[in-house]
Every structure is written in C-alpha cells, then in structure tokens.
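A.B. asks: My questions all concern the structure below.
What follows draws every value from the coordinates through simple rules; no lab data is involved. Everything quoted here is computed from the prediction, not taken from an experiment. No Cβ is skipped: glycine too gets one built from the backbone with ideal geometry, and neighbour counts run over all protein chains shown.
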Amino acid sequence: MERDEQNFGNLQRLLVLKRHETPPPGYFDNLSREVIVRIKAGDRGESPGLVETLSWEATWFGRLWTALEARPALAALCGVAVCGLLVSGLVYSESAGDSPAGIAVFMAPEVGTGLKVASESAPLPTNPLLTPVGAQMAPSSTGGLMPASTQAGSLFNYRPALNVQPASHSTGPGQ
Amino acid sequence: MIMSEARSSREAEGSDEEGGEPAPSPAAEDMELVRRARQGEFGAYDDLVRRYQERIYATIYHMTSNHEDANDLVQETFIKAFQALNSFKGGSSFYTWVYRIAVNKTINFLKQRKNKAHLSLNDLDLNAEHDPDLVALVSEKTPRREAGLAELQEKLNEAMQRLSDSHRLVVTLHDIQGMSHEEIAKIMDCNIGTVRSRLFYARQQLQGYLSDYLK
C-alpha cells in the first residue's frame, strides 16, 4: 500500500515534466496572426481534398466511407471482396474469349469478308501459311484451288476457308 | 466653485478606485470579444486566440506528443471556432466551448492516425533541471539515477501514447494542466464519476509502464 502511494507520488512528480515541454521560442507570438490570416483567406480549417469539395459527407458514400474508416478490418474485407470480384470477372472474360467457338465466331466474318474482297479485286497467290500442312486442296468452281475446310479444333489448327485462285489475267488484243 | 469641482472629481476618481463598478469578469470579457468578433472585428478574435492559445496548444500537444501535429490542430481549432461563433450560445464559457472543439478535433485526428504515432517532442525549458519534483525523481535514490531528463521525457511520452485517447485526455487535463474534475466533465461531456474512474485507471497503467523510473 505504502509502495503504491509512493509510486503514485513519483508518477505525479514525473508528470510535472510534461509542463516543462515548451514549443520553440516565439511560437505563440505568431500563432494568432497565422490563424487570422488563414481565416481571412477563407480557410475552412480542414485539410482540403476532392472528397471535401464534393460534400461527400452528406451522401451515402460519405457515410459508408466514415463507417469503413472507423473499422479497418471491415474495410479490408470489403477491399478483398471487390478485388476478388474484379479478378473473377477478368478470369471469366478470358476463359470465354479463349473458346474456339468464340474465336470462330469472332474472327470468321472479318476474315471471310477481308479475303473475299481481296479475291474479287485482285488475284491472290496461295499462301502456304494459311493452309495446314497436308491439307487437301479441292478445285473451286472458278478453276482455282480451295483448301478443304478444317474442322474446329485448337487455334493453331484453325485455318479460314479461302477461295484461292491462281494468278491469271487475260490479255487484250494487241498486248 | 473650482475647488468644489476639483473635490467632486477627486471623489469621483476615488469612487472608481475604492468602490466603483467592478472590473468585468474574464467570462464577460470573452462574451464581449465574441460579440465583436461576430461582427467581423478580427482584432477581437485575435485577442481571444491569444488568451487561450497556450492552454489549447498544450492540451493538443500532450495528447499527440508531436509539435507539428499540435500546431496544425490548434490552428484548425481556432479557425473552426471562428466559423462556428454564431452557434456559440453562451451556455458554457467560451473557454470550455473552444476546449471541446480542440478535444474533438484531436481525438478524430488520433483515430485516423491510429498506430502510426510519431513523437516530435518539444524541448524542456531551463527550469526543468531545477524543479524540485524532478530533482527528487532523478536523485541517487532511484535505481535509474543516470537516466537524464531527456530519457525520462521520452519514456513518459511513450507511456502516454500507450494509453487510450480518453485516458490520456484525463491525465492531460487533470494531472498535467491542473483542471478540476468538474471542468473536465464539462469538456468531455461525461459525469464526474467517469472522469475519476478513467483517471484512476490511467494512473495505474502509467505506473505499470514507468515502473523502472518510479521506484
């Protein structure tokens, strides 16, 4: 008991030390002037930010933010949930885009359209890179060769159906 | 006639010195300054700031143990008080009202700061070395007599920062700044019993943290 009282007395003496902590000399001479200057400049006395200027505290988002700010664990859980949704969305969109049917649907109209236009405007040479090795060539109705359409499979086995015609041109009389 | 006028003027002067109208109380002076400040008289508000800046700053500094943070917060306190002058109804003293603003701002700041406390301590004034309480504390009877005042200051502030905000506040207002339980209860908007129990618990915590320096 006496020891507790002595310790308490020593604690009070130690706390006196805090009274001797003083700010730099002249600090209080300038403080009031700085306050008045800021008031005249229209300072609201709070750290400005985009959020403050939008008066977000009055909105539901502001209230939600305030609640999350006071509960960092809840804020962390919300952040993890949002990130998880984002990642799962990305994974889903990539997996949907990777499917061959998707690619065929995605690419075929453009490829077919592009090549068709090219074959109509100018004769195109047969591009071996566009046909699978060993693919059978079938005569087309126009006299050229057309590779047999390949069955749907992986991206590397897919080749668009081409209407390939040998380069030829008719010459007019006198040329 | 001239002598009578002189006598009456001396009597008038004497009555001012001996039994004239009493000087206005500090609270009444504050209300007059508030009235003038509301009308846009910045000089009046400057006087109000000068009256309480040291006490407000000290409270905030002891709560944060950081001079830069205390500087920002004390300025923001007085700016906010100026903007809210019209809402000051005079139910409490201006002193108590500004203190409440300062305490609320500081506690909100500390909640955001959470565990990122960074000490930026003020220097001790020259009187510290001659303070009999401190001299007794670092006397040769203490086992840590070689600990200088600077080390004591650091350990004390670290221990204060380990207290919760409300416990640190009661120790600051009562044990450091010498306020009464009643004044503290008005500032903290709680009852006196709560102030006393928080003070008791805070002192026990500090004694535990600083046991090496209190033996």
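A.B. asks: By what distance, in whole Å, do the Cα atoms of the range B:131-215 stretch along each of the three principal axes, largest value first?
C.D. replies: Principal-axis extents of the Cα atoms in the range B:131-215, largest first: 42, 24, 18 Å.
A.B. asks: Within 10 Å of each Cβ in peptide B:68-74, how many partner chain Cβ atoms are there on average? Round it to a whole number, please. Walk me through the numbers before you get to the answer.
C.D. replies: Working: counts 0, 0, 1, 5, 2, 1, 5.
Neighbouring Cβ atoms belonging to other protein chains average 2 per residue here.
A.B. asks: Quick query: amide H of B:Asp123 versus all other amide H atoms, modeled in the peptide plane; which residues come in under 5 Å with a sequence gap of 5 or more or a different chain?
C.D. replies: For B:Asp123, the qualifying residues are A:Thr22.
A.B. asks: Determine ³J(HN,Hα), in whole Hz, for all residues of the range A:13-23 in sequence, where each value follows from phi through the Karplus function 6.51 cos²θ - 1.76 cosθ + 1.60 and θ = phi - 60°; x replaces Gly and Pro.
C.D. replies: 5, 5, 5, 4, 4, 4, 5, 8, 7, 10, x
A.B. asks: Counting other beta carbons within 10 Å of each residue's own, what order do B:Glu76, B:Glu68, B:Glu29 fall into, fewest first?
C.D. replies: Ordered by Cβ neighbours within 10 Å, fewest first: B:Glu68, B:Glu29, B:Glu76.
A.B. asks: Using amide H atoms built 1.01 Å from N in the peptide plane, name the residues 5+ places from B:Asn66, or on other chains, whose amide H lies under 5 Å from its own.
C.D. replies: So B:Asn66 has HN proximity to B:Ser120.
A.B. asks: HN-Hα J couplings of the range B:188-193 from phi, Karplus 6.51/-1.76/1.60, θ = phi - 60°, integer Hz, Gly and Pro as x?
C.D. replies: Those phi angles translate into 8, 6, 9, 8, 5, x Hz.
A.B. asks: Run the Debye formula on the Cα coordinates of the range B:25-122, all scatterers equal and no solvent, and tell me log10 I(q)/I(0) at q = 0.15, 0.17, 0.18 1/Å.
C.D. replies: Reported log10 I(q)/I(0), two decimals: -0.59, -0.73, -0.80.
A.B. asks: Each label point is 7 Å from the Cα along the Cα-to-Cβ direction; what then is the distance between the points at B:Gln39 and B:Leu126, in nm?
C.D. replies: Label-label distance for B:Gln39 and B:Leu126, simple model: 4.5 nm.
A.B. asks: Return the long-range amide H neighbours of B:Ser92 (sequence gap of 5 or more, or a different chain), with a cut-off of under 5 Å between placed amide H atoms.
C.D. replies: For B:Ser92, no residues qualify.
A.B. asks: State the Kirkwood hydrodynamic radius of the range B:36-182 in Å, one decimal place, computed from all pairs of distinct Cα atoms.
C.D. replies: Every distinct Cα pair counted, the radius reaches 17.1 Å.
A.B. asks: Additional query: I'd like to compare A:77-84, B:195-202, B:178-185: which one has the highest average count of other Cβ atoms within 10 Å, and what's the full order after that? Mind showing how you got there, number by number?
C.D. replies: Numbers: A:77-84: 10.8, B:195-202: 17.6, B:178-185: 15.9.
Highest mean packing first, the order is B:195-202, B:178-185, A:77-84.
A.B. asks: Something else now. Mind ranking A:27-35, A:88-96 by how tightly packed they are, going by the mean number of other C-beta atoms within 10 angstrom, highest first?
C.D. replies: A:27-35, A:88-96
A.B. asks: Shielding by partners for A:29-42, please: the mean number of other protein chain Cβ atoms within 10 Å of each residue's Cβ.
C.D. replies: Working: counts 1, 0, 10, 11, 3, 6, 15, 8, 2, 5, 9, 1, 0, 0.
Mean partner shielding for this stretch: 5.
A.B. asks: Just to check I understand the Karplus step: with θ = phi - 60° and J = 6.51 cos²θ - 1.76 cosθ + 1.60, what whole-Hz values come out for the range B:156-166, glycine and proline as x?
C.D. replies: Result, rounded to whole Hz: 5, 5, 4, 5, 4, 5, 7, 6, 6, 4, 6.
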